[in-house]
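Worksheet: one structure, shown below.
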Amino acid sequence: MTHHIEPIGTVHSCFKELFGIPRQPGLVAAARGWIEFYPPYDRIEAFSGLAGFSHIWVTFLFHRSLDNEMSLTVRPPRKAGKRMGVFATRAPNRPNQLGQSVVELEQIEERDGKVVLHIKGLDLLEGTPVIDIKPYVPYVDAIPDAHGGFAHERPEQRLQVSFSDKASQQVDIFGAKYPELRQLINDILQYDPRPVYLRKLANKKRFGFLLYELDVRIELIDAQHASVIEVVRCDNAAE
Ligand code: SAM
């Protein structure tokens, strides 16, 4: 059986590139975005009753993995290079490229007669196609005594983060537009967004990532410490 799926909307995210996106939702609470919907799903009656839910399931397409060749095993970041079965992971490169994330629903807004959902704690790239939205229902979705296999615990916070004087001043300036910017950068970095192979390259001390329209430049001081050295406007990044 084949079944055609048409996206109902698009995610607009603070993450403009894959590097730096948290590996699961909720890890970086200050990661914000919004979802725009296509007709007829942009009408307010489709969302009637949703405001009472604090969180939603977003089902989406890993659209940036679409051209990757499918493999039955993948290397999850936690397993430091060891291969695991694709169905034991939540890796983007998977059959049908479907993903699902629980995110906080901050606000349901009607903008020019079209619904926009404001969401928080996301792990999604700008432009991610949305397939469906469902309410997160705690009595069925939260299972406190469930076993989490090799991913039972939250990922380790590997890096302590500091800001240079220059970066601090820049964050204060951009903070007028993005009040949680310092927290956002700190929380992304403390989980160390670098893939395992990059962590092993001793001479690769500088790296960076895009947030909103900003280029965040980092220097690794040692294996446990990273310093934000600069936060500058990047004219190539979409806001
Ligand atoms: N919570 C979702 C799930 O379990 O299906 C996604 C988990 S997946 C491990 C999260 C990673 O997917 C992010 O760190 C980012 O690298 C990647 N990602 C996010 N949006 C994507 C997109 N539209 N296309 C491809 N990869 C994406």
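No value in this document is a laboratory result; all are computed from the given coordinates. Computed from a predicted model, the values in this text were never measured in an experiment. Cβ atoms come from the backbone with ideal geometry, glycine included; neighbour counts cover every protein chain shown.
Here the convex hull built on the C-alpha positions of the chain has a volume of 159 cubic angstrom per residue. Maximal additional length on extending the I221-K166 stretch stands at 18.2 nm, based on 0.36 nm per residue less the C-alpha distance. Taking K166 as the anchor, which lysines have their alpha carbon closer than 24 Å to its alpha carbon, excluding any fewer than eight residues away along the same chain? List returned: K16, K177, K204, K205.
Legend: calculated FRET efficiency, H118 to D141, from the Cβ-Cβ distance at R0 = 25 Å, rounded to 0.05, equals 0.75.
For the chain, the mean residue ellipticity at 222 nm estimated from helices alone is -3000 deg cm²/dmol, where every DSSP H run of n ≥ 4 contributes -39500 (n - 2.57) and the total is divided by all residues, rounded to the nearest 500. Entry note, the chain: relative contact order of 26 percent, from Cα contacts under 8 Å with a spacing of 6+ residues.
Under the simplified labelling scheme, the S48-I173 pair shows an inter-label distance of 4.9 nm, with each label point 7 Å from Cα along Cα→Cβ. Expressed in units of 2.2 N^0.38 Å, where N is the residue count, the Cα radius of gyration of region 9-148 is 1.10. Per residue, the average separation of C-alpha pairs within less than 8 Å and at least 6 apart gives region 9-148 a relative contact order of 41 percent. With a cut-off of 12 Å between beta carbons, the residues surrounding Q157 carry a summed charge of -2, where Lys and Arg count +1 and Asp and Glu -1. Straight-line cross-link partners of K114 among the lysines, defined as a Cα under 20 Å from its Cα and at least 8 positions apart when in the same chain: K134.
Given +1 at the Cβ of Lys and Arg, -1 at the Cβ of Asp and Glu and no other charges, the dipole of region 160-233 around its Cα centre is 340 debye to the nearest 20. Residues considered: N96, N68, N203. Largest GNM mean-square fluctuation over the chain, using C-alpha springs under 10 Å, is found at N203.
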